[in-house]
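J.: Just passing along the structure, written as structure tokens.
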Amino acid sequence: MPLEHPEEPVFDPISPLDGAAVPHPPEPWTLLDLLFFIVFAVFTFAFTGILALEAYSALKPVMGWTLPTRALGQNTFFLLGVQFVAYILIFGYVYVLVVYHYRFRFWEGIKWGHLNTRTIFSYVGGGILLTIGIQIAATFLPDKGSFPLEKMFSSQDASYALAAFAVIIGPFMEELIFRGVLFPIFEARAGLAFAIILTAALFAAMHIPEYSGAWNHVIFIFMVGLVLSLTRGLARSLAPCVILHVTYNGCLMILLFFATSHFHVIQGALK
């Protein structure tokens with residue numbers, strides 16, 4: 001009587017979403033994933049702005065918009081909108097890669113982790129301490145000139161929009177990119193120390209256009225990146241990094257809010 005051979009497990013892209021237990025392929029990520037992600041991210045950031053400008057030019061006479069197209073590069077709402085669209089596309093790319101290529105639950109694939117209330121408050125406290133530390137360091141490296149980010153606080157409404165973006169959207173997406181995708185790739189192939197230093201350096205490099213002419217801020221961001229990457233390595237989880245990042249940015253926006261009389265007087269407040 002011939003023996004029956006069990007069927008090989010078949011990966012179903014829906015299974016990770018409906019709670020069914022399925023065998024997992026090797027964990028993400030590979031060097032090919034890194035290459036494709038970098039290409040996609042660079043393409044997205046580069047061409048989202050170009051397409052947005054073209055769309056604005058085409059719709060301007062129809063919608064009756066009066067802002068000159070050449071002025072959009074200095075318009076906070078336009079710049080935040082372009083970055084928001086780019087982030088949506090990058091989030092979608094990572095989601096598809098994790099869920100439909102690797103067939104993980106999304107939060108499992110990015111190593112989100114689990115936190116209890118006590119741990120959450122401890123990381124919030126850590127974010128406050130990080131803010132205090134950077135503010136103290138800033139007294140030793142004061143600004144010597146203006147930088148592009150100052151111009152984005154062009155009005156009270158623009159300041160509120162920028163603050164909301166910096167607290168609600170920016171931290172999660174930046175952590176997803178640097179500590180969610182890049183960090184595990186670097187760590188798996190070159191070790192924890194390499195992953196911490198390189199992701200912190202890349203994190204700081206991404207902010208250079210915002211702080212061109214004010215290198216002290218780039219140094220501070222590198223220091224913040226080191227803390228975030230070290231937290232990712234020690235906690236083996238992405239969630240603590242997001243909490244630290246949200247708290248840090250939130251504290252900075254609160255300090256700026258009061259230093260500018262509720263975003264009324266921006267000139268010189270970022271010094």
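The values are calculated or read from the model by the stated rules, or taken from the named source; none is laboratory data. Just so you know, these numbers come straight off a predicted model, no measurement behind them. With ideal geometry, Cβ positions are generated from the backbone for all residues, glycine too; neighbour counts draw on all protein chains shown. The accessibility values were calculated without ligands, DNA or RNA, using every heavy atom of the protein model including side chains. Shrake-Rupley method; radii C 1.70, N 1.55, O 1.52, S 1.80 Å.
J.: Do the conditions hold for residue 200, that is, is it in a helix (DSSP H, G or I), more than 21 Å from residue 249 (Cβ to Cβ), at pLDDT 95 or above and in contact with a Ser or Thr (Cβ under 8 Å, 6 or more places away or on another chain)?
T.: Against the criterion (in a helix (DSSP H, G or I), more than 21 Å from residue 249 (Cβ to Cβ), at pLDDT 95 or above and in contact with a Ser or Thr (Cβ under 8 Å, 6 or more places away or on another chain)), residue 200 does not qualify.
J.: Of the residues that sit in segment 203-220 and are in a helix (DSSP H, G or I) and in contact (Cβ under 8 Å) with a residue 40 or more places away in the chain, which one is surrounded by the fewest Cβ atoms within 10 Å (Cβ to Cβ)?
T.: Going through the qualifying residues, I end up with 209.
J.: Identify the single condition in (1) of a type in the set (Ser, Thr, Tyr); (2) open to solvent by less than 30 Å² (accessible area, probe 1.4 Å); (3) without any contact (Cβ under 8 Å) to a residue 60 or more places away in the chain that residue 139 does not satisfy, given that it satisfies every other one.
T.: (2)
J.: Please work out which one of (1) touching a residue at least 24 places away in the same chain (Cβ under 8 Å); (2) closer than 30 Å to residue 31 by Cβ; (3) open to solvent by 60 Å² or more (accessible area, probe 1.4 Å); (4) in a helix (DSSP H, G or I) is the condition residue 178 fails and give its number.
T.: Here residue 178 meets the rest and fails (3).
J.: Residues of segment 143-166 being in a helix (DSSP H, G or I) and open to solvent by 40 Å² or more (accessible area, probe 1.4 Å), which ones?
T.: 148, 151, 156, 157, 160, 164
J.: What number of residues within segment 241-262 are assigned to a helix (DSSP H, G or I), in contact (Cβ under 8 Å) with a residue 40 or more places away in the chain and surrounded by fewer than 21 Cβ atoms within 10 Å (Cβ to Cβ)? Explain how you work it out, then say what you get.
T.: Start the filter on segment 241-262 by keeping residues that are assigned to a helix (DSSP H, G or I), which leaves 241-259.
Okay, now just the ones that are also in contact (Cβ under 8 Å) with a residue 40 or more places away in the chain, so 241-253, 255-257.
Next cut, surrounded by fewer than 21 Cβ atoms within 10 Å (Cβ to Cβ) only: 246, 250-253, 255-257.
Residues in segment 241-262 being assigned to a helix (DSSP H, G or I), in contact (Cβ under 8 Å) with a residue 40 or more places away in the chain and surrounded by fewer than 21 Cβ atoms within 10 Å (Cβ to Cβ): 8 in total.
J.: Residues of segment 101-138 being polar (S, T, N, Q) and either more than 18 Å from residue 222 (Cβ to Cβ) or touching a His at 6+ places or on another chain (Cβ under 9 Å) (or both), which ones? Spell out how you get there, then give the answer.
T.: Taking segment 101-138 and keeping what is polar (S, T, N, Q), we get 116-117, 119, 122, 131, 135.
Those that are polar (S, T, N, Q) and either more than 18 Å from residue 222 (Cβ to Cβ) or touching a His at 6+ places or on another chain (Cβ under 9 Å) (or both): 116, 117, 119, 122.
J.: I'm trying to understand the selection: among the residues of segment 57-77, which are touching a Leu at 6+ places or on another chain (Cβ under 9 Å) and either surrounded by fewer than 16 Cβ atoms within 10 Å (Cβ to Cβ) or among the polar types (S, T, N, Q) (or both)? Steps first, please.
T.: From segment 57-77, those touching a Leu at 6+ places or on another chain (Cβ under 9 Å) are 60, 65, 69, 72-73, 75-76; that's our starting set.
Of everything in segment 57-77, those that are touching a Leu at 6+ places or on another chain (Cβ under 9 Å) and either surrounded by fewer than 16 Cβ atoms within 10 Å (Cβ to Cβ) or among the polar types (S, T, N, Q) (or both) turn out to be 60, 65, 69, 73, 75, 76.
J.: Something else now. Would you pick out the residues in segment 78-120 that are part of a loop (DSSP other than H, G, I, E, B) and either of a type in the set (Val, Ile, Thr) or exposed (fewer than 13 other Cβ atoms within 10 Å of the Cβ) (or both)?
T.: Within segment 78-120, 110, 114, 116 qualify.
J.: Does residue 235 satisfy the condition of being open to solvent by 10 Å² or more (accessible area, probe 1.4 Å) and touching a Cys at 6+ places or on another chain (Cβ under 9 Å)? Quick ask: steps written out before the conclusion?
T.: Working: open to solvent by 10 Å² or more (accessible area, probe 1.4 Å): yes; touching a Cys at 6+ places or on another chain (Cβ under 9 Å): yes.
Yes.
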